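Since the structure comes first, as structure tokens, the remarks are kept for the end.
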Amino acid sequence: MSPSSPLWSLARLTGAAVAAGTVVAAIALPTVGGTGSLFVSATEMLDLKPAQLEEPPLAQTSVVYDAEGNRIAQFYAENRKEVRLDQIADVMKTAIVAIEDYRFYEHGALDLEGTARALAKNLSSGGIAQGGSSITQQYVKQVLLNSADTEEGKNKALEASYARKLKELRYAMGVEEKYSKDEILRRYLNIAYFGAGANGVEAAARRFFGVPAADLNLAQAATLAGAVQNPNRTDPALGKQSRALLLERRNVVLDRMAQLGRITPDQAARAKAAKLGYKGVEAPNGCQASRYPYFCEYVRHELLTNPAFGRTERARKQRFARGGLKISTTLDPKAQRAAETAIRKHVFASDHPVAAEALVEPGTGEIKAMAASRPYGRSAKRNEISYNPVADKRHGGLIGFQAGSTFKTFTLITALAQGMKIDDGISVTNAYTAPGYASFKNCKGQNMGIPSWTVTNDEGSPGFKTLATGTWGSVNTFFMALEQRVGLCETVQTAKSLGIRRADEGPLQEYETFTLGINEMDPVTVATAYAAVAARGTYCAPMVITKVTEASTGRATSYEPSCRKALDPEVADATAHVLSGVFTKGTMRGVGGIGRPAAGKTGTTDGYATAWFAGFTPDLAGAVSLGDPRGSQRYKLTGVTIGGRTFGAVAGASVPGPIWKDTMMAALKDVPAADFTPVNTARFGGCGQSCAPPRDDRPDQNQDLNQDQGQDQGQDRPADTEG
């Protein structure tokens, strides 16, 4: 550069004015749209002072872990994992400095030599053809680009203008004052985009070569260093042409490193002889790539909808997609395997009906497993489903399935809470008709009894039914009469106290057939309600997240179960006592027990539309649903083939019961058996009939109910048919 040239004057003036954090320079700027005048002014002075750059945390990958610390899913808006400088190979640092800013450790915010070269190029081209940016300036530009949340903002961060360059320079001066050179380099390597969807050197190293940034070799480091100049043009994921350009760029970097003496010519030659070596390691994103997609979906929706994870929807989305969270969950791999294995044994993915199961821990509400018979996905494959059949609408589910006779448990609980004894009962016939419109009242005080509505049992089982024998036989007419006695609203309130709400988030249908399970439910909600009985009346809301750790700060927030007393513990004990007889004297006796104390209830809805089983031990509760997602009322479980077996009709004990049994036996293997708390016989009566085989001792018998009568009243009120 000649001492008489304007560029020499620029360099001299700039160098002389770098003092006390202030740069005063005569900046030579080419005029826009003209070729005659090369400078706006040789004497105009620009007072450049350091400016504070706002540096929001980098978008990083959020990772979900099971209860044992195993990774089960990850989510990201930008595929990035921020790393320390000592987690980046020295050769990577050398390569990026050599090609992008070889005097990085020698100059300040502005590299005068680089700026002079760029200015000469710009003057000859009549515009901005070369940036001449230092690594610090490049870091500033990336921060501004990443901070922009609109297209307009992004375009402004990239616009070719001197105003932007001067603004970046002021920010760069502030960055140089704030950080050491090593820290600036670390931040640059973590924010830079390398192509193939990889942001930051760690993600790029793993995506390109399947290794962490700490293990990059010379050829790999040179490849990544070459990629940052124009990552969209040299993106190896785009095909052979882009890979060829990237290889060419890699060799430029190697030559530059050798020219600067950072490596020997022999090292450069050997590295240039190596193949590109791009592996294209996939970076899974979202629940579809998870091994446990339904549990993953529940976690994702919980993070996006629960105010505990952010006050606003926007804040929760930003935190989840960009926050780099470490999310610890309640998923028990052993329980999950047990549920998946049991479902696969009894229901095939190719079957039209879908089985879904949730396992919940009594006393905490922790969801230990969520499984379904179909794979999760959004492709055109027939057997994939794109919603969560185990959960409610809030957590990715749809409308759920009618829960059938599993709801009879809530009427049983209400009766025990009101003072009835286990051997108290009612004489019933094969048909039940409401004695009057006022015989049932919902919680708004409205009359729900319809005298023209008849509920029946199959082939009759008339006579005196106790709370025990009526439950074991799942007698419809008995439970209608029992609900009439204890109150429809009171039964609804019992169910609500145990967390019962419709899967579609609508209000519960409070009709007289409430006890027969007319409301559509999801397995998580039903399992959690039954878990409360197992926990002696302590209801704990469903819980999947135990701890969230922020990547940017390392701050960890732990989450505790949300529990409350829902039932009198002795009422819960008596309920468990009655429900345990379902395995030995009731609708599950053909399936049998699990070799330890257990209690439960089958559920089969009107005309075999859906089938359920819900049950529990003191350690674990579970609920299994089975129905056709094409429409359970239209595609009923009659004349169907499920799991390779043909069924004339599917009841709660046909498929859901065996799934539950196999799941529990595997999930609780090696767990010491626990006993239920004995029933208070002084309060609820002696063993009596509840310990003897009931007179109507038979498996589930099912009968279609007259659904048309309910429709005549303006409401579809299908009822359970197990009785």
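The values are calculated or read from the model by the stated rules, or taken from the named source; none is laboratory data. The model shown is predicted, which means the values in this text are computed figures rather than measured ones. Note that each Cβ is placed from the backbone with ideal geometry, even for glycine, and that neighbours are counted across all protein chains shown. Surface accessibility is based on the protein's heavy atoms, side chains included, excluding ligands, DNA and RNA. Shrake-Rupley method; radii C 1.70, N 1.55, O 1.52, S 1.80 Å.
Pairs meeting the criteria (first residue in region 79-105 and under 28 Å from A321 (Cβ atoms) and open to solvent by 40 Å² or more (accessible area, probe 1.4 Å), second residue modelled with pLDDT of 95 or more and part of a helix (DSSP H, G or I), beta carbons under 8 Å, at least 6 apart or on different chains) are K81/E202; K81/A203; E82/N190; E82/E202; R84/R186; Q87/E202; Q87/A213; Q87/A214. The criterion of at least 2 residues that are open to solvent by 10 Å² or more (accessible area, probe 1.4 Å), without any contact (Cβ under 8 Å) to a residue 12 or more places away in the chain and of a type in the set (G, A, S) is met by none of the strands (runs of 3 or more DSSP E) wholly inside region 621-686.
The condition of being open to solvent by less than 60 Å² (accessible area, probe 1.4 Å), over 22 Å from V97 (Cα atoms) and not in a helix (DSSP H, G or I) holds for only one of Y294, Y278, Y298, that being Y278. Selection of first residues in region 472-495 that are on the phi > 0 side of the Ramachandran plot and of second residues that are of a type in the set (G, A, S), restricted to Cβ pairs under 6 Å at least 6 apart or on distinct chains, gives the following pairs, ordered by first then second residue: S474/S405; S474/G723. Can you spot a residue in region 365-386 that is out of contact with any His (no Cβ under 6 Å at 6 or more places or on another chain), aromatic (F, W, Y) and assigned to a loop (DSSP other than H, G, I, E, B)? Checked region 365-386: no residue is out of contact with any His (no Cβ under 6 Å at 6 or more places or on another chain), aromatic (F, W, Y) and assigned to a loop (DSSP other than H, G, I, E, B). Determine which single condition K444 fails, assuming it passes every other condition in (1) under 18 Å from E510 (Cβ atoms); (2) touching a Phe, Trp or Tyr at 6+ places or on another chain (Cβ under 9 Å). Of the numbered conditions (1) under 18 Å from E510 (Cβ atoms); (2) touching a Phe, Trp or Tyr at 6+ places or on another chain (Cβ under 9 Å), the odd one out for K444 is (2).
When the criteria are applied in full, I72 fails the requirement of being under 18 Å from A192 (Cβ atoms) and either of a type in the set (V, I, T) or at pLDDT 95 or above (or both). Within region 285-306, residues that are touching a residue at least 24 places away in the same chain (Cβ under 8 Å) and of a type in the set (F, W, Y) sit with their Cβ atoms under 7 Å from residues that are open to solvent by less than 10 Å² (accessible area, probe 1.4 Å) and in a helix (DSSP H, G or I), at 6+ positions apart or across chains, in these pairs: Y292/Q336; Y298/H395. Within region 427-462, being within 22 Å of K601 (Cα to Cα), touching a Leu at 6+ places or on another chain (Cβ under 9 Å) and open to solvent by 20 Å² or more (accessible area, probe 1.4 Å) holds for one residue alone: T456.
Return a yes/no flag: does region 389-399 have any residue that is within 25 Å of A503 (Cβ to Cβ), open to solvent by 10 Å² or more (accessible area, probe 1.4 Å), at pLDDT 95 or above and not in a loop (DSSP other than H, G, I, E, B). Yes - at least one qualifying residue is present in region 389-399.
Flag: A283 does not match the condition of being assigned to a helix (DSSP H, G or I) and of a type outside the set (S, T, N, Q). Within region 537-550, work out how many residues are crowded, with 21+ Cβ neighbours inside 10 Å and in a loop (DSSP other than H, G, I, E, B). Of the residues in that region, 3 qualify. Looking at R555, is it surrounded by fewer than 24 Cβ atoms within 10 Å (Cβ to Cβ), in contact with a Ser or Thr (Cβ under 8 Å, 6 or more places away or on another chain) and modelled with pLDDT under 95? So R555 passes the test. Could you tell me which residue of region 592-609 is most open to solvent (accessible area, probe 1.4 Å), considering only residues that are in a loop (DSSP other than H, G, I, E, B) and more than 22 Å from D628 (Cβ to Cβ)? Out of the qualifying residues, it is G595.
Every listed requirement among (1) open to solvent by 40 Å² or more (accessible area, probe 1.4 Å); (2) at pLDDT 95 or above is met by N155 save one, (2).
A single entry from T491, T477, T513 fulfils the requirement of being closer than 22 Å to A572 by Cβ and buried (at least 19 other Cβ atoms within 10 Å of the Cβ): T491.
Which pairs have Cβ atoms under 7 Å, sit 6 or more apart or on different chains, and link a residue in region 412-432 that is free of Cβ contacts under 8 Å to residues at least 24 places away in the same chain to one that is open to solvent by less than 60 Å² (accessible area, probe 1.4 Å) and assigned to a strand (DSSP E or B)? Once the first residue is free of Cβ contacts under 8 Å to residues at least 24 places away in the same chain and sits in region 412-432, no partner that is open to solvent by less than 60 Å² (accessible area, probe 1.4 Å) and assigned to a strand (DSSP E or B) comes close enough.
In the set (1) outside any helix (DSSP H, G or I); (2) open to solvent by 10 Å² or more (accessible area, probe 1.4 Å), the condition left unmet by W612 is number (2). Contact map, region 552-574: first residue of a type in the set (D, E, K, R), second residue assigned to a loop (DSSP other than H, G, I, E, B) and surrounded by fewer than 16 Cβ atoms within 10 Å (Cβ to Cβ), Cβ cut-off under 8 Å, separation 6 or more or different chains; pairs are E570/N680; D573/T677; D573/P678; D573/N680. For region 133-171, the tally of residues that are part of a loop (DSSP other than H, G, I, E, B) and under 33 Å from the mean Cα position of the chain (by Cα) stands at 3.
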